[in-house]
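Inspection log for the structure reproduced underneath, given as structure tokens.
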Amino acid sequence: MLYYRSKAGDTVDRIVWLHYGRQNDRIVETVLEANPRLADYGPELPDGIRIALPEIPDEQDTASVRLWG
């Protein structure tokens, strides 16, 4: 697991975008789950918060479902 040290004004969304390059697949929620009480700081984080960034698998190809032949 990697860690990130917040800078004043950072948001979890921005940190996720910078680190993972995407925000889909519930990545923001996964980061919040890995960091209990992080959401207590509100939308903008203060300087110096240590944030765990869990490993997230690369985007998975989603299989298409064909409803009609």
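Look at the range 1-30 and say how many of its residues are touching a Gly at 6+ places or on another chain (Cβ under 9 Å) and of a type outside the set (A, V, I, L, M, F, W, C). Show your work before the answer.
Within the range 1-30, the subset touching a Gly at 6+ places or on another chain (Cβ under 9 Å) is 5-8.
Then drop every residue that is not of a type outside the set (A, V, I, L, M, F, W, C), which leaves 5-7.
Final tally of qualifying residues: 3.
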Neighbours by Cβ (under 8 Å, 6+ apart or cross-chain): first from the range 1-28, aromatic (Phe, Trp, Tyr); second modelled with pLDDT under 95 = Trp17/Gln23; Tyr20/Ile56
Looking at (1) under 12 Å from Ile56 (Cα atoms); (2) loosely packed, with under 15 Cβ neighbours inside 10 Å, find the lone condition where Val31 falls short.
-> (2)
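Say whether the condition of being at pLDDT below 95 and of a type outside the set (Ser, Thr, Tyr) is met by at least one residue in the range 29-46. Give the derivation first.
The initial filter retains those residues of the range 29-46 that are at pLDDT below 95, namely none.
Looking for residues that are at pLDDT below 95 and of a type outside the set (Ser, Thr, Tyr), one finds none in the range 29-46, hence no.
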Within the range 7-28, which residues are assigned to a loop (DSSP other than H, G, I, E, B) and over 13 Å from Ile56 (Cβ atoms)?
-> Lys7, Ala8, Gly9, Asp10, Thr11
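The values are calculated or read from the model by the stated rules, or taken from the named source; none is laboratory data. Model, not experiment: these values are computed from the prediction. We place every Cβ from the backbone using ideal geometry, glycine too, and count neighbours over all the protein chains shown.
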